[in-house]
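Student: I'd like to ask some things about the structure below.
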Amino acid sequence: MEWEDNELASKSRKPAFEIIFVYSQSQGSLEVYFEGRKTVATKLQEMFVQTIMAIEKLPKTIQDRVYELNPLKSPEFTFNYGAGSGIKEVKIKELRFTLLPQARNLILKVKPDDPPDAIYTLINQFFARGHSSTNYYPLGMTQITQATISAVITDSSCKKGEVKKTIKITWPDGCNLKNEDKDPILRKMLVDSGLEVAYEESERESKAG
């Protein structure tokens, strides 16, 4: 609704979304903060270097997967893994939120003995979900740029019969998992949960959107 000519009229608007570029000449880095996919970020980086730095193209990089961490904002999010995977428990230990438009970071961390959903209690203490508030920062104005996840997996070779693994993911394409031991099982869980996406698939979805 919009007030115009002494009347309240219904009008539709498509507001522009805010984009923040952070360039460090000493580190040779260019970061983009916005609500969207990595493929869009790459295009925005290309526009920046072409317009501001007079560079024709970004340096070529090899990427086969990217990570979408914003789904972790929702308390309805579930980690998907089969009964035969050997995974017994998965818990979010820590989330790093990048606050837009300031591009400042806020890290929320739970205690080791907290229940699996404890991270969402913290999120509700610091952020407002879907409504305006003067006391809480809007959750929609944040981007999760790092997540630390713990998993307990059955392992008959261990004395306790299980092993604990820590997964650390940094947006857009950083992850400490390798292709050995129990890591492939955990990587499959990330894929099945929609957190790890093939780069080509992410690019197709970005174009379709």
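The values are calculated or read from the model by the stated rules, or taken from the named source; none is laboratory data. All values reported here derive from a predicted model rather than from experimental measurement. When we count neighbours, we look across all protein chains shown, and the Cβ atoms used for this are built from the backbone with ideal geometry, even at glycine.
Student: Condition (residue is at pLDDT below 75, in a loop (DSSP other than H, G, I, E, B) and out of contact with any strand residue (DSSP E or B) (no Cβ under 7 Å at 6 or more places or on another chain)) applied to region 65-82: is it met by at least one residue?
Tutor: No, because not a single residue in region 65-82 is at pLDDT below 75, in a loop (DSSP other than H, G, I, E, B) and out of contact with any strand residue (DSSP E or B) (no Cβ under 7 Å at 6 or more places or on another chain).
Student: Tell me the residue from TYR120, TYR136 that is aromatic (Phe, Trp, Tyr), within 26 Å of GLY82 (Cα to Cα) and either modelled with pLDDT of 95 or more or under 21 Å from the mean Cα position of the chain (by Cα) (or both), please.
Tutor: Values: TYR136 fails: within 26 Å of GLY82 (Cα to Cα).
None of the others qualify; the one that does is TYR120.
Student: Show the residue pairs that are 6+ apart or on different chains and have beta-carbon atoms under 7 Å apart, the first residue being within region 175-197 and closer than 17 Å to LYS91 by Cβ, the second being buried (at least 16 other Cβ atoms within 10 Å of the Cβ) and among the acidic types (Asp, Glu).
Tutor: Going by the 7 Å Cβ cut-off, the qualifying pairs are LEU190/GLU196; LEU195/GLU68.
Student: Here's another thing I want to ask about it. Could you figure out which of (1) modelled with pLDDT of 95 or more; (2) not assigned by TED's automatic domain parsing to the domain that holds THR98 isn't true of GLY209?
Tutor: Failed condition: (1).
Student: Hey, among PHE77, PHE97, which residue is within 16 Å of the chain's Cα centre (by Cα) and within 15 Å of GLY194 (Cβ to Cβ)?
Tutor: Every option except PHE77 fails the conditions.
Student: When you scan region 11-64, how many residues do you find that are modelled with pLDDT under 65 and outside any loop (DSSP other than H, G, I, E, B)?
Tutor: Within region 11-64, residues that are modelled with pLDDT under 65 and outside any loop (DSSP other than H, G, I, E, B) number 2.
Student: Based on what the data block shows, is SER85 small (Gly, Ala, Ser) and either touching a residue at least 60 places away in the same chain (Cβ under 8 Å) or at positive phi (or both)? Walk me through how you get there before you give the answer.
Tutor: Values: small (Gly, Ala, Ser): yes; either touching a residue at least 60 places away in the same chain (Cβ under 8 Å) or at positive phi (or both): yes.
Taking the combined requirement at face value, the residue satisfies it.
Student: For region 109-124, state whether one or more residues are among the β-branched types (Val, Ile, Thr), surrounded by 11 or more Cβ atoms within 10 Å (Cβ to Cβ) and part of a loop (DSSP other than H, G, I, E, B).
Tutor: yes
Student: I need a count of the residues in region 95-108 that are in a strand (DSSP E or B) and either among the basic types (Lys, Arg) or buried (at least 16 other Cβ atoms within 10 Å of the Cβ) (or both).
Tutor: 7
Student: Something else now. Based on this model, can you work out whether PRO172 counts as outside the structural domain of ALA41 (by TED's automatic domain parsing) and either closer than 19 Å to TYR67 by Cα or at pLDDT 90 or above (or both)?
Tutor: yes
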